[in-house]
Amino acid sequence: MGTLPGEGQAAGAGATLDRVAELEVSLGIPFEDRALALSALTHKSYVNEHREEAAEDNERLEFLGDAVVDLVVSQRLMERFPRAREGDLSKMRASVVDEAGLASMARSLGLGRLLRLGRGEELTGGREKASLLADAMEAVIAAVFLERGLPGAQALVDRSLEEAYARASAGTLDRDYKTQLQEACQSRFRLSPRYRVTAEHGPDHDKVFEVEVAVKGEVRGTGKGRSKKDAEQMAASRALEGLQGVFAASSPAEDAPAAEEAAAPQTASAAPSPPAPAPEPVAAPTPEPPRRRKPARSPRAAARAAGARTTGKGGRRAQKAAARPRTAKGQEKRKSARRPRKGR
């Protein structure tokens, strides 16, 4: 194969043939429509910077590829999990065909180096961006679908997602590699794995991290990535692969503490204690009957109770006096009116 153009350089005719030819080798599928295959590898940033070529970007193919991937994965999940409910199937499909899963498919096929990108994307590490790789992967699947039909697209997706299907069957699809390694080490060794950054390469905008993970003081996996998180995930994945044999061949002595802890509650419960006496029922308190409020007296009744007349002019005056509120100021006036004046 010819050498691909360097980053930031325009692609000539020979470079175009090289990209499509290498894609055919990676997929194992020859393309009759090479322009279609090249469109799947073309990002819109390249089209914007090379308008004279009248190239077509991969966004329309990405739209079709998204639907094709959903159809293929939905059919496979229906076949593998005949008793799963609709909600569970939807969650598994979302986990299988998320951005990280599609980007992983693209990396396994080496799509990053085959893409046609603009200068801005080249300078910012576009060939390793998960979102850009996921879009390109959907576009390539759409191109295969248009060339080979649904069976060809199914074969490509099944080959790339076989591991994800296996994780779905094992119930670990929604857990990343770091989580799986953490759970395995805690259950088997009663300790957590240790991650350490061993090296950093490249400028700040295009840095690559190298990470190693150790279990029981021994390095079990290493990984590289554009971020520490990606590097740790790769290291955890490799550690899980290497520890499968260790987990299977672990001695019973390592599992003894767990077995003793599991047996301790059973031994304690072997001699059951006598049942505690049932508490005596407590009688509920009898509620007090509500108090009845005395009806307010009318002015006539109040005057009659005070022994005053209730009829005639004097009676009406007595009723008004009885109905008038007895304030402290009013009582003082009445007392002063009763006192005899001096000098009489």
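The values are calculated or read from the model by the stated rules, or taken from the named source; none is laboratory data. Computed from a prediction, not measured in an experiment: that's the story for all the values here. Methodologically, a virtual Cβ is constructed for each residue, glycine included, from the backbone with ideal geometry; neighbour enumeration extends over all protein chains shown.
Tell me the residue from S131, S192 that is free of Cβ contacts under 8 Å to residues at least 12 places away in the same chain, in contact with a helix residue (DSSP H, G or I) (Cβ under 8 Å, 6 or more places away or on another chain) and of a type in the set (S, T, N, Q), please. Going through S131, S192 in turn, just one is free of Cβ contacts under 8 Å to residues at least 12 places away in the same chain, in contact with a helix residue (DSSP H, G or I) (Cβ under 8 Å, 6 or more places away or on another chain) and of a type in the set (S, T, N, Q): S192. Applying the condition of being among the hydrophobic types (A, V, I, L, M, F, W, C) and at pLDDT 80 or above to segment 160-183 and asking which residue is nearest to Q233 (Cα to Cα) yields L181. Residue check: D206 meets all listed conditions (1) touching a Phe, Trp or Tyr at 6+ places or on another chain (Cβ under 6 Å); (2) closer than 20 Å to E128 by Cα; (3) not hydroxyl-bearing (S, T, Y) but one, namely (1).
So which of G120, G125 is within 31 Å of the chain's Cα centre (by Cα) and touching a residue at least 12 places away in the same chain (Cβ under 8 Å)?
Within the list G120, G125, the selection yields G125.
Identify the residue in segment 186-206 that is surrounded by 12 or more Cβ atoms within 10 Å (Cβ to Cβ) and under 24 Å from the mean Cα position of the chain (by Cα) and, among all such residues, is farthest from T222 (Cα to Cα). So, considering only residues that are surrounded by 12 or more Cβ atoms within 10 Å (Cβ to Cβ) and under 24 Å from the mean Cα position of the chain (by Cα), the one farthest from T222 (Cα to Cα) is Q186.
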